[in-house]
1. Taking amide H positions as placed in the peptide plane 1.01 Å from N, state which residues far from Cys134 in sequence (5 or more) or on other chains have amide H under 5 Å from it.
2. When His93, His34 are ordered from fewest to most other Cβ atoms inside 10 Å of their Cβ, what list results?
3. What is the spin-label model distance, in nm, from His82 to Val140 if the labels are put 7 Å beyond Cα along the C-beta direction?
4. Using 0.36 nm per residue, how much length does the chain from Ile91 to Gln126 gain when fully extended, once their Cα-Cα distance is taken away?
5. Extension gain Met1-Met29, at 0.36 nm per residue separation less the Cα-Cα distance, in nm?
6. Take the Cβ-Cβ distance between Arg100 and Asp64 as r, set R0 to 22 Å, and report the resulting FRET efficiency rounded to the nearest 0.05.
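Please treat every number below as a calculation from the coordinates, not as lab data. Quick caveat: nothing in here was measured; it's all calculated off a predicted structure. Note that each Cβ is placed from the backbone with ideal geometry, even for glycine, and that neighbours are counted across all protein chains shown.
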Amino acid sequence: MYSKILLCYDGTVEGRNALRQGADVALCMKAETHLLAICRSMLETATPEGNTEALVQCDQDRADTILKEGVAWLEERGLSAHGYLVYGNPIKHIPETARRIGADLIVVGHRRRSRLARWWSDSDEQTLLDLTTCSILAAVRTDTP
């Protein structure tokens, strides 16, 4: 059913849950597995004067760690994953990567938000569902009701 799966990972609890559930699906389907590590750069919020070589290196090291952690976790479970590292907005990079690799399933983590948080952040922007042509699995935490 699914031959190419894109797992989206950012190092958070929700990202780890997506990794776990996506790995289960990939193993069952014997699917080609791709891991997209998505990082929000610390440099985006730093003042230009604060962008030092040390901060740039720290940012890169943190991103590399997230990618390596995800790929290693998958390999420990018997999956060989192609890893990609991107910086910035997930809503931009996930659909682009899915199209580029020909994914037929995207696995993302889901963080529950309060009603106030949903109301506060409502926007007219397109959702991941609007921007992709393949199936999406939203992995939710299993330890919450």
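1. Those lying under 5 Å, H to H, from Cys134: there are none.
2. Going from sparsest to densest Cβ surroundings: His93, His34.
3. It works out to 3.2 nm between the two label points.
4. The Ile91-Gln126 span can extend by a further 11.7 nm.
5. 9.4 nm
6. Between Arg100 and Asp64 the formula returns 0.55.
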